[in-house]
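No value in this document is a laboratory result; all are computed from the given coordinates. This structure is a prediction, so every number in the text was calculated from the model and none was measured. Here the Cβ positions follow ideal geometry from the backbone for every residue, glycine too, while neighbour counts run over all protein chains shown.
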Amino acid sequence: MKHPVPTVLLLLVFVGSGAAKLASLEYELVAFARWGYPLWAMYLIGGVEVLGGLLLLWPRVTSLVATGLGCFMVGAIATHVVHAEWPMTGVATAIMALGLWRGWLGREEVRALLAARGH
C-alpha cells in the first residue's frame with residue numbers, strides 16, 4: 001500500500017463514521033434530526049462512507065477514491081457551517097484536506113488509471 005498513514009486514517013474515519021450511521025447510533029439520529037435531514041439521507045451517507053472507506057483498500061482506485069471522499073466532505077462542512085457547529089466544521093475540513101492530500105499524493109496513479117481508460 002502506497003502512503004499507508006493517510007490511507008489508513010481515511011479508512012478508519014469513513015468506515016467508522018459510516019458504520020455509526022448505518023447502525024443508527026443515537027448521536028447520529030439526534031444530529032440528523034437537528035439538521036432537519038430525512039432518515040434515508042443518514043443511511044445513504046453512511047453507505048457511501050463505508051463503501052468509500054473500503055474501496056481505499058483497492059490500490060488501483062485508492063487515490064481517486066480518496067479525492068472523492070475529500071470532495072464528499074463539502075456537504076458535511078456546509079452542514080456544520082449552517083448550524084454554527086464550529087469545532088465540527090474544523091474536523092470536517094481536516095478530513096477533507098486529508099482526502100484531497102491523499103489523492104494528490106497518488107495523482108500519477110489517477111493519471112495512469114484515466115489513461116488506461118482512454119481519457
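Could you tell me how far the Cα centroid of segment 1-47 sits from the Cα centroid of segment 53-72, in Å? Here the answer is 15 Å between Cα centres.
Residue-wise HN-Hα couplings along segment 64-81, as the Karplus relation 6.51 cos²θ - 1.76 cosθ + 1.60 with θ = phi - 60° gives them from phi, are 5, 5, 4, 5, x, 5, x, 5, 4, 5, 4, x, 5, 4, 4, 4, 5, 5 Hz; Gly and Pro carry x. Can you give the angle from 0 to 90° between the axis of helix 86-105 and the longest principal axis of the chain, with both taken from C-alpha atoms, to the nearest 10? For helix 86-105, the angle is close to 10 degrees.
What order, most packed first, do the peptides 57-69, 26-38, 1-13 have when packing is the mean number of other Cβ atoms within 10 Å of each residue? Could the numbers behind the result be given before it?
Numbers: 57-69: 19.0, 26-38: 12.9, 1-13: 15.2.
Going by the mean number of other Cβ atoms within 10 Å, highest first, we get 57-69, 1-13, 26-38.
Here the Karplus relation 6.51 cos²θ - 1.76 cosθ + 1.60, evaluated at θ = phi - 60°, turns the backbone of segment 44-56 into coupling constants of 4, 4, x, x, 4, 5, 5, 4, x, x, 5, 5, 4 Hz, with x for every Gly and Pro.
Efficiency by 1/(1 + (r/R0)^6): what FRET value for Ala112 and Ala33, r their Cβ-Cβ distance, R0 = 30 Å, to the nearest 0.05? Don't jump to the answer; show the numbers that get you there.
Details: r = 44 Å, r/R0 = 1.47.
Here the calculated transfer efficiency is 0.10.
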